[in-house]
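Notes for the one structure printed next.
The values are calculated or read from the model by the stated rules, or taken from the named source; none is laboratory data. Keep in mind the model is a prediction, meaning the values are calculated, not measured. Ideal geometry is used to build each Cβ from the backbone, glycine not excepted, and the neighbour counts take in all protein chains shown.
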Amino acid sequence: MVRLLARYILLYDRFFELGEKKYKILATKVRRSISELLVNANDKDHLNYSIDFSLKQFWPFWNFEKIVKRRILEGHTFSYKEIRNFNQFKSSDASIVYAKVLDAKLPSFNENVTLVLHYNQALLDLLDDWQDIEEDVQEDMPNVFVMASLEVVPYSKIKNSNRLMVRDIILAALDSSNVSVIGLVNEYQSSVKNISIPDKLDFLRVISDYHANTLLGTIRKF
C-alpha cells in the first residue's frame, strides 16, 4: 500500500512538473490498484477515508512548488528557514499520507514515529536534490542546493552556464553562503536522536543516520 501511494505521488509530481498527461493517466491507474487492495481489508472504510483525506491534504504542495519556482526565476534569495520549510513541506507525504496506513496496521505506531518518518523522508529528499541538481536546473525546478546558493550567485548565471559546470558553480557558492544545507542535515539527524520511539522501530534511526551520512559523505567528496 505504501509503495503504491509513493508511486502515485511520484507520478503526480512529474505531471505537475512537466505537464505531461501520461503521468496523470498512470497515477490514476495506480490509484485504482490502491482501491483494489482496500476491497478486502478489515479496516477498509477507515483507510479509504484516511487515504482520500490525506492525499487531498498533500495536494497543496504542488501549488506551493510553483510559487517557489516563480520566486527562483524572479531572482529571490532564500533564508535557511524558507529552505527548511520547503524541504519539510516536500517530504510531508511521509507524515500526511504513508503514516496513516502504518498507523492503521502497526500497534506500536505513534506520532513520534510519524515525526521520524518525516525527517527520514526529508533527508532522502535532500539526497535526491543533490543527485538531481543538473536536471532540476534544466527544468527550472526548485532544488534545495540551488536555492541555498542564490544568496551568492544569481540563478541566471547558474541557468546559462554549461551543464558540466552547474554543480561546481553551486558548490562554490555554498562555501560562501550563510544558508547551510549541511546544517539542515545535522539538524534533522540530531532531532531524530532525541525523539522517543518504540524499541522495535528503532531501526528507523539507523535509516536516518544512513541517509544523513551518505549525503554528507557525498558532498564532502566534492
Does Ser161 satisfy being without any contact (Cβ under 8 Å) to a residue 12 or more places away in the chain and either among the small types (Gly, Ala, Ser) or in contact with a Lys or Arg (Cβ under 8 Å, 6 or more places away or on another chain) (or both)?
yes
Within the range 106-132, restricting to residues that are assigned to a helix (DSSP H, G or I), without any contact (Cβ under 8 Å) to a residue 40 or more places away in the chain and more than 12 Å from the chain's Cα centre (by Cα), the one that is surrounded by the most Cβ atoms within 10 Å (Cβ to Cβ) is Thr114
State yes or no: is Glu135 of a type outside the set (Val, Ile, Thr), over 30 Å from Ser161 (Cβ atoms), without any contact (Cβ under 8 Å) to a residue 24 or more places away in the chain and surrounded by fewer than 19 Cβ atoms within 10 Å (Cβ to Cβ)?
no
For the range 45-83, enumerate the residues that are part of a loop (DSSP other than H, G, I, E, B) and either in contact (Cβ under 8 Å) with a residue 40 or more places away in the chain or of a type in the set (Phe, Trp, Tyr) (or both).
Trp59, Gly75, His76, Thr77, Phe78, Ser79
With respect to the numbered conditions (1) of a type in the set (Lys, Arg); (2) more than 15 Å from the chain's Cα centre (by Cα); (3) at pLDDT 90 or above, which one is the sole condition not fulfilled by Lys44?
(3)
Out of the range 123-152, which residues are farther than 22 Å from Gly217 by Cβ and not hydrophobic (A, V, I, L, M, F, W, C)?
Gln138, Glu139, Asp140, Pro142, Glu151
Can you tell me how many residues in the range 192-217 are surrounded by fewer than 14 Cβ atoms within 10 Å (Cβ to Cβ) and either in contact with a Leu (Cβ under 8 Å, 6 or more places away or on another chain) or of a type in the set (Gly, Ala, Ser) (or both)?
2
Examine the range 170-186 for a residue that is outside any helix (DSSP H, G or I) and either among the β-branched types (Val, Ile, Thr) or in contact with a helix residue (DSSP H, G or I) (Cβ under 6 Å, 6 or more places away or on another chain) (or both), and state whether such a residue exists.
yes
So which of Val39, Val2 is of a type in the set (A, V, I, L, M, F, W, C), closer than 24 Å to Lys105 by Cα and either modelled with pLDDT of 90 or more or under 24 Å from the mean Cα position of the chain (by Cα) (or both)?
Val2
